[in-house]
Amino acid sequence: MNSRDADDRDRQPVRVFVVDDHGVVRRGLRAYIEMVDDMEVVGEAADGQAALDGIGALVAAGRPADVVLMDLIMPHMDGVTATAAITERYPELKVVAMTSFTEADKVHGALGSGASGYLLKDAAADEVAAAIRAACRGEVHLDPVIARQLVRSLAIPKRRTVDMLTDREREVLVLLAQGLSNRQIANALHISERTARSHVSRILTKLGLASRTQAALLAIREGIAPVPPEN
C-alpha cells in the first residue's frame, strides 16, 4: 500500500464487524458505533463460525471489514478459536477481544492467536472507539486496570526474555508498549516504516509472541515500559 492509498483509507470509515452471542450487546455496540462519524458496522454474528462466514462473504464481495470486536466466550466456536482462524486467513484484519475481569486466560489465548488488543465489556463508549481506532492504525491500546492483571499472568517460553533483544529492538519495544504504530515508531527513531516493521517482527519472533499487545505487556512486566496511567 502506497502513502496515497493509506491516506485514502484513513479518510474512510473504519469498517467494524461485531461478534457476540448476546443480541442486546450486539445491538448496543451497533447503535453506538453507527453514531460515530468515522465508523460503520458492516456485519455481526452470534458465534465464531458465523463470524467466519460473514467475514468471508464480505471479503468475497470486495468489502472487507477493518476491525472485529470479538466476544471470547460463545457457543459452537469460541472467540479464541475464531480469532486464530481470522488472523490466519485475513492477516490484515484486526481483532479486538471483548472480555471481563475474570477471563484473563481467555485474553492471553486471544492475544496468542493474533488479537490486536482487548476491551472490557463494561468499557465506556469512547473507550470502545479508541480501541477500534488504535487497532485499525496498528497501535496497541491497553486498558490500565486489566493490563496489570494480564501482566501478572503473562507467560512466555522459557529462556526468552528482553535480554535477547538488541539495543535498537529494545528501543522499538518501549515505543511499541507506549502504543505507537510502525509509522510512529519509524518517525521517532528516524528510520523507514519498513525497517520499523522488520524490528517489530524480529521482536515477536525472538520472544515467541504472536501479537504487539503481548509484546507491550511483556515490556511492562520487565520494567522497561510503564503501565498506562488510569484516567
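The values are calculated or read from the model by the stated rules, or taken from the named source; none is laboratory data. Note that this is a predicted model, so its numbers are computed, not measured. Glycine also receives a Cβ, built like all others from the backbone with ideal geometry; neighbour counts cover every protein chain displayed.
Observations on the model:
- Across region 90-119, the number of residues qualifying as within 15 Å of Asp71 (Cβ to Cβ), part of a strand (DSSP E or B) and at pLDDT 85 or above comes to 7.
- Selection of region 159-177 for residues being modelled with pLDDT of 90 or more, part of a helix (DSSP H, G or I) and either of a type in the set (Lys, Arg) or in contact with a helix residue (DSSP H, G or I) (Cβ under 7 Å, 6 or more places away or on another chain) (or both) yields Arg168, Glu169, Arg170, Glu171, Val172, Leu173, Val174, Leu175, Leu176, Ala177.
- In region 191-228, the residues that are assigned to a loop (DSSP other than H, G, I, E, B) and either closer than 15 Å to Gly112 by Cα or in contact with an Asp or Glu (Cβ under 6 Å, 6 or more places away or on another chain) (or both): Gly208, Leu209, Ala210, Ser211
- Residue list for region 76-116, restricted to those being over 23 Å from Gln49 (Cβ atoms) and either touching a residue at least 24 places away in the same chain (Cβ under 8 Å) or touching a strand residue (DSSP E or B) at 6+ places or on another chain (Cβ under 7 Å) (or both): Phe101, Ala104
- Residue tally, condition part of a helix (DSSP H, G or I) and under 22 Å from Ala130 (Cα atoms), over region 25-54: 9
- For region 178-190, a residue qualifies if it is in a helix (DSSP H, G or I) and either of a type in the set (Ser, Thr, Tyr) or over 14 Å from Gly138 (Cβ atoms) (or both), and the qualifying residues are Ala188, Leu189.
- Among the residues of region 172-189, those that are of a type in the set (Val, Ile, Thr) and touching a residue at least 24 places away in the same chain (Cβ under 8 Å) comprise Val172, Val174.
- Selection count, region 120-141, where residues are without any contact (Cβ under 8 Å) to a residue 60 or more places away in the chain, outside any loop (DSSP other than H, G, I, E, B) and under 15 Å from Leu29 (Cβ atoms): 5
Conditions (1) outside the structural domain of Gly112 (by TED's automatic domain parsing); (2) over 28 Å from Val80 (Cβ atoms); (3) touching a helix residue (DSSP H, G or I) at 6+ places or on another chain (Cβ under 9 Å), marked per residue:
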site	(1), (2), (3)
Asn182	yes, no, yes
Asn187	yes, yes, yes
His190	yes, yes, no
Glu193	yes, yes, yes
Arg202	yes, no, yes
Thr205	yes, no, no
Gly208	yes, no, no
Arg212	yes, no, yes
Val227	yes, no, yes
